[in-house]
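All of the numbers you see were taken from the coordinates with simple rules; none came from a lab. Keep in mind it's a predicted model, so treat the numbers as computed, not measured. Virtual Cβ from ideal backbone geometry, glycine too; neighbours counted across all protein chains shown.
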Amino acid sequence: MQSILRVLFLAAEADPFVKIGGLGDVAGSLPRALREIAPPGLAVDVRLALPLHGAIHKKSYALQPVVSFPVAHQSGPLQADVYQLEWNGVPVYFIAGEPVPAAAPVYSGDNLIDGHKYTFFSLAALELCRRLDWQPDVLHANDWHTAPAVYALQRLRSAGGFFQHTASVLGVHNLPYLGVGAEPALEAFGLPAASGSALPAWAVQMPLPLGLLSADQLVAVSPTYAKEILTPAFGSGLHKFLRTRQATISGILNGLDMLAWDPEQDPALSAVFNSQNLSSRLANKLALQREFNLPEAPNTLLFGMVSRMDHQKGVDLMPPAFRALADQPWQVVVLGSGTPAIEDQVREFEAEFPDRVRAAIRFDAALSRRIFAGSDALLIPSRYEPCGLTQMIAMRYGCVPVARATGGLRDTITDRRRGAHNTGLLFKRARADDFAVALGRALDAYNLPAYWQTLQRRGMAQDFSWARFARQYLDLYLSVIQRQRSR
């Protein structure tokens, strides 16, 4: 007889419906992967719930109404309207209501406004399960936006009844985003402060800390990040509290959609290629140099960067690092946007080296693919990086990563000084001089063509597929369920 594992997956975004960042990739891929890798004798009934954001083009999807019901609020009940479709075998629920205004962005930047939207969504998603008489074995929430569901579940579970056997998992994709400013929204929806808990006093009514307090299992998006958040440098003021939960903190890398990112059949490229015909890759490099009006120099190391331009990503380390190597041959192409001051630094870098540096200050998905396929190396000098996908994409496309050894970058890139398993180059400290040393090592390695091709081929052979990491999540779910029910 087949067993059924029921998982409710909550997220603020999910590809292809709406995608802002890495969470959208996870929520769009993991639920499907969990269904696909279920072992014989176990069916995984995973269902995804999203707010019905205005950015979701309702006419593009055949949304079917499911149910409507009230969600308690201090000013009076707020109606939740739920719609459904099936996507790649996964039931997807879209929750609408007054706190989810059609004209609002996915993230408004005002945590009080977003706090009302996502707390409403979190509570409505739980009530939806009750209305459908579908009892989840696991609630998997993500980041501060859906952390209120975890806290609410704990309170419901303590009273027994419908959710008494539901275990909770909270994914931590970026710890510093705690939901500061959303506290009044939680109170308005009847979620009180966790006074007297192990949380520091300043965090007792913030969404993410409440989720960290009440989840049965915490999952950081890489093994290294799971350790880093226990330290003062990365713990966002919660490191001492998180150490009390250390036994329930895991780290599982995000996966990559290997079909969506495939240099053998990517229509955005000038020439498709694989690890056995790297010579075909050169056409992409020359095309990229022409596109950016750089000299066509097949033997000059072309560095690429595809990044959000902010302090976290370490983009500001790039200009001084390259200045230290001004007497060596290199080119750089940069794509991204973000903090105006950092954008200006990149423009100044371009003006300083007009024959070697080009910057496209914008978001451009197709261009990013051409940079992955045409650059020889990808620059990722992040000050912290919970997981990161760019290094995985770069390796998939034969682009050697040069990155800071932090978080998921450290877990996915191997650098043992010409070791037998190397796939890239790492540097330890978030300093321009350390970055410059790594760039110098890259230039030296590039001058050894056979070794450089070995780095490329090793990177292209890495298994970053969601199937690999979904199995880890499945094992984790089963373990958490067993632990929760044995209490």
Legend entry - Cβ-derived FRET efficiency at R0 30 Å, Phe363 paired with Met258, nearest 0.05: 0.80
Legend entry - Distance (nanometres) between label positions extended 7 Å along Cα→Cβ at Tyr177 and Glu291: 2.7 nm
Inset, instruction - Could you line up Trp87, Trp466 from fewest to most neighbouring Cβ atoms inside 10 Å? - result: Trp87, Trp466
Inset, instruction - Compute the acute angle (0 to 90°) between the alpha-carbon long axis of helix 340-352 and the principal axis of greatest extent of the alpha-carbon atoms of the chain; round to the nearest 10°. - result: 10 degrees
Legend entry - Residues His311, His421 arranged by fewest to most Cβ contacts within 10 Å: His421, His311
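Using the beta-carbon distance between Asp355 and Ala159 and R0 = 51 Å, what value does 1/(1 + (r/R0)^6) give for FRET efficiency, to the nearest 0.05?
Plugging the Cβ-Cβ distance into 1/(1 + (r/R0)^6) gives 0.15.
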Inset, instruction - Count neighbours as other Cβ atoms within 10 Å of each site's Cβ, and list the chymotrypsin sites (Phe, Trp or Tyr not before Pro) in segment 102-134 that are DSSP loop with at most 16 such neighbours. - result: Trp134
Inset, instruction - Could you work out how far helix 22-36 tilts from the main Cα principal axis of the chain, as a 0 to 90 degree angle to the nearest 10? - result: 70 degrees
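222 nm [θ] for the chain, helices only, -39500 (n - 2.57) per DSSP H run of 4+, per residue, to 500?
One gets -11000 deg cm²/dmol as the mean residue ellipticity at 222 nm.
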Legend entry - Extent along principal axes [Cα atoms of the chain; Å; largest to smallest]: 69, 49, 43
Legend entry - Distance from segment 324-397 to segment 145-188 (C-alpha centre basis), Å: 38 Å
Legend entry - Folded to 0 to 90 degrees: helix 466-485 orientation relative to the chain principal axis, Cα: 30 degrees
Legend entry - Global form of segment 278-463, assessed from the alpha-carbon gyration tensor, a/c cut-off 1.5: rounded
Inset, instruction - Mind sorting Thr166, Thr146 by how few other Cβ atoms lie within 10 Å of their own Cβ, fewest first? - result: Thr166, Thr146
Inset, instruction - Mind checking the full-extension length gain between Leu282 and Tyr61? Use 0.36 nm per residue of separation minus the Cα-Cα distance, one decimal, nm. - result: 75.6 nm
Inset, instruction - Treat each spin label as a single point 7 Å out from the Cα along the C-beta direction, and report the Phe69 to Ile4 distance in nm. - result: 1.7 nm
